[in-house]
Amino acid sequence: MPPIPVPAVSRRIAVIGGGAIGGLVAALVQLTGHDVTLCLRTPLDRLTLETDGEIIDARVRFAVAPESAEPVDWVFLATKAQDTAGASGWLRRLCHPGTVVAVLQNGIDHVGRVAPHTPGGTDILPAVIYASVECTAPGQVRHYAGNEIHVPDGPLAARLAELLATGRLKVVPVPDFTTTTWHKLLTNLAANPLTALLQQRMGIFADPDMESLARSILGEAATVARAEGADIHDSDIDRVLEMYAMVPPDGGSSMLYDRLAGRPMEHEHITGAVVRAGERHGLPTPLNGMLLTLLRTVDREIRAGKHTTGQLTGT
């Protein structure tokens, strides 16, 4: 591995969440020369990232007890949205006036979800990360595609861009973050539920009937997004489907990986967000509503301990 560059000012960074996104961010941020601590529930001996044919042995610290944590300059919150409350102990120990929390979660209400769990004086930066990654084993992350973090344009975006200037994560400031969050929601909205329910990978979207179903799911959500004030068009649906086609057939989705591992899924913050927004505006969402009902049924089985992890069927 080449020497790690030394940034003009080394910052103390904490990444909360040792899943695929948390592992990716921790591994890539430490390559910029900052002091990175990965906050976990279960201890790890090492963190490795497989990306572009390269294996990176990440030089990060590991922490498993919030009470041992010290305040840091930046926090990257990379837990699942439904686990935000569970990160409260970490946030209250890591944050102090001037700390910035970049929220790398799915959903459409990042600040409202995280603010109750941070002390006063903490800045919260909602963020959307475009990356296809998978935890293949504890502490082992495989990166398939994508390296962009989209954030609302402004001073915090400029600070994040400076923080990551020498690294492999690209910061993209955007003027309309409402539209950005709905764009990201659309990328997850068909892939996550369908791969999870079928327990198959992204290759399923090569089937014309599956692509047509995905288009209908996304079209239903696009109508809701416009009612929410997002600038979403049919061309955005086309781009999502084109993106699905570009993902390697053996790529998956976070919801699929959670189901296969027997973990609770993130459906309430993806499919559920569309259904609830549709209800606010009196708009019907029959396809997304059906998916939500099915996902809730599967999730109840997982939480009750009745789900058996299994192998993927097909590609």
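Working only within the range 230-253, note down all residues that are among the β-branched types (Val, Ile, Thr) and within 20 Å of Val174 (Cα to Cα). Talk me through it step by step, then tell me what you get.
Keep residues of the range 230-253 that are among the β-branched types (Val, Ile, Thr), which gives 232, 237, 240, 247.
Within the range 230-253, Ile232, Ile237, Val240 qualify.
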**Prompt:** Mind checking which residues of the range 66-95 are more than 20 Å from Thr42 (Cβ to Cβ), out of contact with any Lys or Arg (no Cβ under 9 Å at 6 or more places or on another chain) and buried (at least 20 other Cβ atoms within 10 Å of the Cβ)?
**Reply:** Cys95
**Odd one out for Val72, checked against (1) of a type outside the set (Asp, Glu); (2) within 18 Å of the chain's Cα centre (by Cα); (3) within 19 Å of Leu28 (Cα to Cα); (4) modelled with pLDDT of 95 or more** = (2)
**Asked** Can you spot a residue in the range 84-98 that is part of a strand (DSSP E or B) and either of a type in the set (A, V, I, L, M) or modelled with pLDDT of 95 or more (or both)?
**Response** no
**Request:** Find the residue count for the range 229-253, including only residues that are farther than 14 Å from Ala190 by Cα and in contact with a Lys or Arg (Cβ under 8 Å, 6 or more places away or on another chain).
**Result:** 4
**Prompt:** Looking at this structure, is Arg215 under 20 Å from the mean Cα position of the chain (by Cα) and of a type in the set (Lys, Arg)?
**Reply:** no
**Request:** Pairs only if they're at least six apart or on different chains, beta carbon under 8 angstrom, first in the range 148-170 and closer than 16 Å to Leu104 by Cα and not assigned by TED's automatic domain parsing to the domain that holds Ala26, second of a type in the set (D, E, K, R) and surrounded by fewer than 18 Cβ atoms within 10 Å (Cβ to Cβ); list them, first residue then second.
**Result:** none
**Fill in**
When every residue in the range 20-56 that is among the small types (Gly, Ala, Ser) and not in a loop (DSSP other than H, G, I, E, B) is compared, the one farthest from the chain's Cα centre (by Cα) is Ala27
**Fill in**
Every listed condition ((1) under 21 Å from Ala20 (Cα atoms); (2) free of Cβ contacts under 8 Å to residues at least 24 places away in the same chain; (3) of a type in the set (Asp, Glu)) holds for Glu301 save (1)
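Return a yes/no flag: does the range 238-247 have any residue that is among the small types (Gly, Ala, Ser), in contact (Cβ under 8 Å) with a residue 60 or more places away in the chain and not assigned by TED's automatic domain parsing to the domain that holds Ile108.
no
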**Asked** Do we find that Glu268 is surrounded by fewer than 21 Cβ atoms within 10 Å (Cβ to Cβ), in contact (Cβ under 8 Å) with a residue 12 or more places away in the chain and in a helix (DSSP H, G or I) in this structure?
**Response** yes
**Item:** Residue, surrounded by the most Cβ atoms within 10 Å (Cβ to Cβ), within the range 273-296, restricted to residues that are over 24 Å from the mean Cα position of the chain (by Cα) and assigned to a helix (DSSP H, G or I)
**Value:** Glu279
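The values are calculated or read from the model by the stated rules, or taken from the named source; none is laboratory data. Since the structure is predicted, the reported quantities are computational estimates derived from the model, not experimental observations. With ideal geometry, Cβ positions are generated from the backbone for all residues, glycine too; neighbour counts draw on all protein chains shown.
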